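The values are calculated or read from the model by the stated rules, or taken from the named source; none is laboratory data. In this text, all values refer to a predicted model and were calculated from it rather than measured experimentally. Glycine also receives a Cβ, built like all others from the backbone with ideal geometry; neighbour counts cover every protein chain displayed.
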Amino acid sequence: MSDVKIKSNNLNVFYGDKQALFDVNLDLNEKEVTALIGPSGCGKSTFIRCINRMNDVIDICKVTGNIEIDGVEINDENLDVVSLRERVGMVFQKPNPFPKSIYDNISYGPKIHGKGETKSELDEIVERSLKKAALWEEVKDRLDEPGTGLSGGQQQRLCIARAISVNPEVILMDEPCSALDPIATAKIEELIDELKKTYTIVIVTHSMAQAVRVSQKTGFFHLGKLIEVGKTEKIFKNPDNKMTQDYITGRFG
Amino acid sequence: MNFVLIFLIVIFSSSLFFYGKSKTKSISIERNIKLNALPKFYGYYLVLWSSIPALVFLLVWSLFEPVIIKSIIIETAANQGAIFNDKNEANLIYEKIKAIHLGTYFGDIDTILKESAISYSKFLNIFTNSKIVLIFVTIIASVIFSLKKIKNNNKAREDVEKILKGLLFVSSLIAILTTLGIIFSLLFESIKFFSVINIFDYLFGTNWSPQRAFIRDASAITAAEYDELRDAFGFVPLIAGTSFIAFIAMFVAVPIGLFSGIYMAEYASSKIRRISKPIIEILAGIPTVVYGFFAALTVGPFFRQIGESIGLTVSSESALAAGLIMGIMIIPYISSLSDDVINSVPQSLRDGSYAVGATKSETIKQVVIPAALPGIIGSVLLAVSRAIGETMIVVMAAGLAANLTINPLESTTTITTQIVMILVGDQEFDSPKTQSAFALGLTLFVATLILNYIAQRAVKKYREKYD
């Protein structure tokens, strides 16, 4: 088994008085796809938003416990969130391209982090990111058109390219295909398979089939608790926990 | 009289609601049929049918009654030997007769006038009585008609919907027609003005002094007189002053308004926002006349003092004082609107920006503001047309002299101020001086219209780009 990239230790998250995660201990392996499944409101998204500290945006959210990336604690007040997010990219449920050109959507991140000083360097980053996101062939002749004019699936790949553009180590995906049709979904899944060669990927999904198709490791959450985690094959064929069994066979959720 | 009638009609037809409701219920029970609509729709149906024809009749009657009575009275007066040469004199006699009838005429009353006054009150009586009778008949007829419809179990729901649709249509028609009426009255008076003053002399003249226009009969103006007048109605100083003051106002209001809008939307905690937003909006509720005397009595003299202490001549009525106060007045328009617009930018865009590691200010500058730009431009242009049309502050603080200047410390004047100056006091309506107010109004209207058009085009263009 490959090395552990991200390690969470007794992670608890509170939204005001309501506790959303209870003592989550979860290891995520480098250059592997980990799928998080579970019914709505079970804390999957809350968990991945801890990895790039997106919960900071929400005033009433409080996080206790530890998360380490490469052995470095990130749930630390003194940590520079900007450089953390440079290392941990995120793709959201609904494609959210900026109201800018395709080119500017991609070059936004590198510019912010001072990468790509010259135009040609930026051009290169844009081309590389779009190629990695399997979008280059479709948009190379219209880079100055608005990103919002693309189809839903293309928009989501644009967002993946945007996440890749700053050269992260980890990509978090929060139900990236839930707003897409089956063909666009298949494309994204294909892409995820390709991306895992370079990046550590965590994907939240509601589709069991998708989890089976793309992930090597699966974690099952229920009511804020991590119920079971293991190799995807094992979780879906022979889970240890009755609740996991019930969920994946569609008895609840 | 009419109010009493309207009141009675409304009371009567409202009470029919309950009658209609219970009547239909009993019909459906008696004949054991299923109604085509709920009983209350039959109630509404009865209310609408009993009131609308009577009210429309009353309206039409009230419009035509005075005209008809007047023509009858003038004719009878003429038959009795009253002499009048033109329409104005006839009108005068008619007014006298009316005054005698009301008992408010204190001049000499000759027999002709007296006879006419008697026949006037006779006609008035006849008309009033027949009005009441006819309204009564109308109501009875429409109630019978609608009751018959109800008995036949008509589709009351559809009919009520149709009538309501008609009422709403008439309301919007009234709004549109009023607007058209205002435009045409501006247009016709302006045409009269431009038939005396050449439109190019008006648009490109650099001197504005309408008080020089002392001519009795504008239609018979001689060439010599026109030479005297041609440079009295130059529009350039007014548009220059207006734009100048509006520019100063925007210079104050846009940065402050926009920045406070951004603060409110992005940084302020909900508690601060809850307290400070209404306070800013109070600025918009202060009457402009209060701003006006603040500008004229406090800010103007203050600038003058500062100017004197550093050796500058500052007029106590200055473009700077007026523009500054106008800018403060406009701040809430811009801040409140841009706050709303920024708030409506979806959170997902901010999340996307944070997720690549952007800071809050980078996100605001590069993602939120560009996304909100159409709305922000819209709010700024709205504020500009507000500034151009603003009257009270400039009347009080900017001065009356039409100086063509770009020195903000001198007094200047605006289109609105001049319209006020021209129309205050007694006016002769055939003098070019008075008519010039309409020309100014028309110009202001056209300028605002063009501004709004440009604003909408700009906003639309950005929308297409960013949607």
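Determine, yes or no, whether B:Lys34 is loosely packed, with under 11 Cβ neighbours inside 10 Å and under 30 Å from B:Lys149 (Cα atoms).
yes
What residue, of B:Ile310, B:Ile331, is away from chain A (no Cβ under 14 Å), more than 30 Å from A:Ile51 (Cβ to Cβ) and surrounded by fewer than 22 Cβ atoms within 10 Å (Cβ to Cβ)?
One residue alone meets the criteria, B:Ile310.
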- Query: Within the bounds of the range B:282-300, is there any residue that is among the aromatic types (Phe, Trp, Tyr), touching a Leu at 6+ places or on another chain (Cβ under 7 Å) and in a helix (DSSP H, G or I)?
  - Reply: no
- Task: Counting only residues that are away from every other protein chain (no Cβ under 14 Å), give me the helices (runs of 4 or more DSSP H) lying completely in the range B:350-398 with at least 3 of them.
- Result: B:369-389, B:392-397
- Query: Could you list, in sequence order, the residues of the range B:41-93 that are surrounded by 14 or more Cβ atoms within 10 Å (Cβ to Cβ), among the aromatic types (Phe, Trp, Tyr) and in a helix (DSSP H, G or I)?
  - Reply: B:Phe41, B:Tyr42, B:Tyr44, B:Tyr45, B:Trp49, B:Phe57, B:Trp61
- Task: Could you run through the range A:172-191 and say how many residues are surrounded by fewer than 24 Cβ atoms within 10 Å (Cβ to Cβ) and under 15 Å from A:Asn52 (Cα atoms)?
- Result: 1
- Please work out if B:Tyr105 is crowded, with 17+ Cβ neighbours inside 10 Å and either more than 17 Å from B:Ile52 (Cβ to Cβ) or of a type in the set (A, V, I, L, M, F, W, C) (or both). no
- Looking only at the range A:141-175, which residues are more than 12 Å from chain B (Cβ to nearest Cβ), in contact (Cβ under 8 Å) with a residue 12 or more places away in the chain and either in contact with a Lys or Arg (Cβ under 8 Å, 6 or more places away or on another chain) or farther than 22 Å from B:Ala371 by Cβ (or both)? A:Gly153, A:Arg157, A:Glu169, A:Glu175
- Any hit, the range B:240-253, residues being surrounded by 15 or more Cβ atoms within 10 Å (Cβ to Cβ), more than 26 Å from the chain's Cα centre (by Cα) and within 30 Å of B:Ala372 (Cα to Cα): yes
- Matching entry among B:Leu442, B:Leu449, B:Leu409 (being under 24 Å from B:Phe247 (Cβ atoms) and out of contact with any Leu (no Cβ under 9 Å at 6 or more places or on another chain)): B:Leu449
- Item | Selection from the range A:228-237 of residues that are in contact (Cβ under 8 Å) with a residue 60 or more places away in the chain and under 14 Å from A:Leu26 (Cβ atoms) | A:Val229
- Contact list, first residue from the range B:164-193 and outside the structural domain of B:Val47 (by TED's automatic domain parsing), second anywhere and assigned to a helix (DSSP H, G or I) and hydrophobic (A, V, I, L, M, F, W, C), beta-carbon distance below 6 Å, six or more apart or interchain, is B:Leu186/B:Phe438; B:Leu186/B:Leu442; B:Glu189/B:Phe438; B:Ser190/B:Phe438; B:Ser190/B:Ala439; B:Ser190/B:Leu442; B:Phe193/B:Ala439
- Task: Residues that are of a type outside the set (Val, Ile, Thr), surrounded by fewer than 17 Cβ atoms within 10 Å (Cβ to Cβ) and out of contact with any Pro (no Cβ under 8 Å at 6 or more places or on another chain): find the strands (runs of 3 or more DSSP E) completely inside the range A:18-136 holding 3 or more of those.
- Result: A:18-29, A:61-69
- Residue that is farthest from the other protein chains (Cβ to nearest Cβ), among those in the range A:65-105 that are within 16 Å of the chain's Cα centre (by Cα) and without any contact (Cβ under 8 Å) to a residue 60 or more places away in the chain: A:Leu84
- Query: Has the range B:142-160 got any residue that is over 28 Å from B:Phe7 (Cα atoms) and of a type in the set (A, V, I, L, M)?
  - Reply: no
